[in-house]
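The values are calculated or read from the model by the stated rules, or taken from the named source; none is laboratory data. Keep in mind the model is a prediction, meaning the values are calculated, not measured. Ideal geometry is used to build each Cβ from the backbone, glycine not excepted, and the neighbour counts take in all protein chains shown. Side chains included, ligands, DNA and RNA excluded: accessible areas come from the protein's heavy atoms. Shrake-Rupley method; radii C 1.70, N 1.55, O 1.52, S 1.80 Å.
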Amino acid sequence: MTFEIKERDAAGRLCRFTTKHGNVTTPNLLPVINPNKMMITPKEMKKRFGTNILITNSYIIFKNPELRSKALESGVHTLIDFDGSVMTDSGTFQSYVYGDVHLDPIEIVKFQRDIGSDIGTILDVFGTPDQTKTIIEQGMHETIERARISIPYKGEMLLACPVQGSVYPELREYCARQLSGLPADFFPIGGVVPLMENQRYSDLVRCILAAKQGLDPSKPVHLFGAGHPLIFSLAVALGCDFFDSSAYAKYAQDGRMIFQWGTEKFEDLTELPCACPICSKYSIAELKELTTDERTLQIALHNLYVSFMELKIIRVALTEGWLWDLVEQRASANPFLSEALRVLREPTHLQWLEHHEPTSKKTAVYYTGPQTIYRPMIFRYLTRLFTRFEPLFQSTVVFPEGTKPYSQYYAKEMAHLLQQKNVNLVVNSTFGPIPFELDEMYPETSTWRPRRMHNKV
Ligand SMILES: [Zn+2]
């Protein structure tokens, strides 16, 4: 495996991830394939969406004698007819949904290795938000122990070891550190589905931040079970590299269409607010005339088009340096997501984010709303201003915000003042005080705020 960072923005990274079955550019999405019932075949996914990595469930294959013998004989790639990278899950999620799943942790890892999975997953213990901290802690220790005993059996397969710890940041961080001390290859952040389902995005953000603080930064991080594009940009900005989606099929079965701003019931729509090949081909009336199965398939395809498009936008934003702009735009569509951004204002999180923030970017800082002034870039500027900058003179004159560069905008006033006395000249900007000496330095040289804030007062 190689995992090579190509671009960085916020705490996110654009990487090239390589397995025996080729390269994948991250951030990326792994569609979930049910080996029992493929709504859309992996081949079709590759053709339509350029999918070169996906995830299927080794537990389902293991439990079905026919699938199991075929997979052992000719490999999981042949079983699902796909030549890209295949990740397998272990049955942990089934045990969460259906209760007790009797599986031997070592046996399921060996099975994944033997069917030729590129990335296998240990049988971790799924912690849920309604469990007590003691139960969560026991499950977390059991997960670490299972990782430790499973690793010797992985062979050439990459092994994913999920970070557990539920809604307890200290347990998440501890678990992440312990797993990072082992020769594991891939780190999912597990147990977040109940948080996603209940739109508990603030808790989700705390889980990701805590896990990331303990994880080895050189390994890929996968937000396990997160399949809605609404949260992709924020999760990427916090350092997640992979997502998986069974949501495209589950939502479609329920007649729900996924959009970047949320989910809409197909029946409630009067028009299709999308330009994907499906929504371009059908009108809403034509979709209604299809049989239920056919309509479900078309909605599932739409859901995947929208999900993959969001990842394309994120990769461009990350490369061009406007990932925070995108995060703030998406958060403005959902009050719970907007609330989750407030978690990032907490000093310890801001310091961690500032540490990962690139020092310079290709694009200007756009003011998208009150959250913008809490960006790590602005935090860095203000911290450095107050700790490193020494004013030249005793007295200071403060100007209201004008257009840039301030020294030109206020040239006349500046000349007039300096004829009388040596004073420091400072602009009281949206982003904080800006001494005239710094107004042509990044980020202050390239910050953009609403027009009304530009007017001379
Ligand atoms: Zn569409």
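Some points to look at:
- Were the residues from N36 through K6 laid out at 0.36 nm apart, the gain over their Cα-Cα distance would be 7.1 nm.
- Between the listed residues I284, T403, A176, the Cα displaced farthest toward the positive end of the dipole of the chain, a dipole computed from Cβ unit charges relative to the Cα centre, is found at T403.
- Mean Cα-pair separation over length for the range 213-302, i.e. relative contact order, pairs under 8 Å, 6 or more apart, %: 25
- Cα lying deepest toward the dipole's positive end in the range 213-312, options C274, A252, L230, charges on Cβ: L230
- Ordered by 1.4 Å accessible area with all protein chains kept, R380, R113 run largest first as R113, R380.
- Summing Cβ point charges (Lys, Arg +1; Asp, Glu -1) relative to the Cα centre of the range 114-211 gives a dipole of roughly 240 debye.
- The chain gives an Rg/Rh value of 1.05, both radii derived from C-alpha positions and Rh following Kirkwood.
- Isolated Cys residues of the chain, judged by Cβ distance under 4.7 Å to other cysteines: C15, C161, C175, C207, C240, C276
- Placing +1 on each Lys and Arg Cβ and -1 on each Asp and Glu Cβ, with no other charges, gives the range 281-347 a dipole about its Cα centre of roughly 60 debye.
- Accessible area (Å², 1.4 Å probe, nearest 10) - Y409: 60
- For the chain, adding -39500 (n - 2.57) for each run of n ≥ 4 DSSP H residues and dividing by the number of residues yields -13000 deg cm²/dmol at 222 nm.
- The apolar share of the surface of the chain, taken as the fraction of accessible area on carbon and sulfur atoms (1.4 Å probe, ligands and nucleic acids excluded), comes to 51 percent.
- Computed from the Cβ-Cβ distance with R0 of 51 Å, the FRET efficiency linking I284 to V343 stands at 0.85.
- Gain upon complete extension [T319, I106; 0.36 nm per residue less C-alpha separation]: 72.6 nm
- Stretching the chain fully between E294 and H141 yields a gain of 50.5 nm (0.36 nm per residue, less the alpha carbon separation).
- Mean separation of Cα contacts under 8 Å (6+ apart) over length of the range 66-146, as relative contact order %: 31
- Taking the DSSP bridge list for the chain and keeping only pairs wholly inside it, about 40 percent are antiparallel.
- Placing unit charges on the Cβ atoms of the charged side chains and taking the dipole of the chain about its Cα centre, the candidate lying farthest along the positive direction among G99, M157, H349 is H349.
- Radius of gyration (Cα atoms) of the range 234-348, expressed as a multiple of 2.2 N^0.38 Å: 1.20.
- Take every DSSP beta bridge whose two residues both sit in the range 185-307; close to 45 percent of them are antiparallel.
- Listed pairs K46/K288; K63/K265; K154/K312; K219/K265; K281/K361 exceeding 31 Å between Cα atoms: K63/K265; K154/K312; K219/K265; K281/K361
- Rolling a 1.4 Å probe over the protein chains gives E156 an accessible area of about 140 Å².
- A simple spin-label model places the labels of E197 and S360 4.9 nm from each other, with each point 7 Å out along Cα-to-Cβ.
- In the chain, Cα pairs under 8 Å separated by at least six residues give a relative contact order of 13 percent.
- Nearest-20 debye value, the chain charge dipole, Cβ charges on Lys, Arg, Asp, Glu: 1060
- DSSP beta bridges in the range 1-138 [antiparallel fraction, %, rounded to 5]: 60
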